[in-house]
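So the structure is just underneath, and the comments pick up after that.
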Amino acid sequence: MYADLCVLVDEGVPNCFVEEKPKTGRVYDVTSFLDDHPGGDEVLLTATGKDATDDFEDVGHSDDARELMNKYFIGEIVSSTLPVEPKYTPPTQATRVAGEQGSGNLWKILQFLLPLLILGGALAFRSFYQKE
Ligand code: HEM
């Protein structure tokens, strides 16, 4: 049912999915342990597919529990196979202002000039036909 269920648990060593730390970690397939886990299957399922180091350590698992982990150890994460998370870099103040300035200024000038041009045109039109 949970064919690819894995929990990452790693004592002390920096683990995966944490951007600033090296991506290493031990992977445990706890599929067959779900029903037997004294803490219940829910906590294991919640910790599935992510770094569960802190969750595991917070419980204060016994030495027996740590020994038992070996039974479910399936391998280490190969960091080169992890998908690269795209990093968002917000535009700097300088580039933002420079980008806005070009079209922004032109628009402001047009907003000011356009009504004047229309008014001027109307007055010229009127005075031209009034003379005739
Ligand atoms: C392969 C991984 C794991 C193994 C072999 C394991 C094993 C055990 C064992 C043997 C116990 C009984 C208490 C003890 O001896 O310490 C236990 C309790 C417990 N475990 Fe795990 N565990 C694993 C992963 C996790 C994870 C990832 C979490 C949390 C997300 C977790 C949460 C708990 C909780 C909440 C208890 C109950 C503690 C209590 O009621 O005192 N376990 N576990």
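The values are calculated or read from the model by the stated rules, or taken from the named source; none is laboratory data. No experiment lies behind these values; they were computed from the predicted model shown. Virtual Cβ from ideal backbone geometry, glycine too; neighbours counted across all protein chains shown.
Candidates in the stretch 22-37 are the residues that are part of a loop (DSSP other than H, G, I, E, B) and either in contact (Cβ under 8 Å) with a residue 12 or more places away in the chain or surrounded by 14 or more Cβ atoms within 10 Å (Cβ to Cβ) (or both); of these, the one that is farthest from the ligand (Cβ to nearest atom) is P22.
A quick yes/no check of all residues on (1) modelled with pLDDT under 90; (2) under 24 Å from the mean Cα position of the chain (by Cα):
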site: D41; (1), (2): no, no
site: V59; (1), (2): no, no
site: P86; (1), (2): yes, yes
site: T92; (1), (2): yes, yes
site: G99; (1), (2): yes, no
site: L113; (1), (2): no, no
site: A122; (1), (2): no, no
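Looking at the stretch 63-80 only, could you name the residues that are near the ligand (Cβ under 7 Å from one of its atoms) and surrounded by 10 or more Cβ atoms within 10 Å (Cβ to Cβ)? Listed by number, the residues that qualify are A65, L68, M69, Y72.
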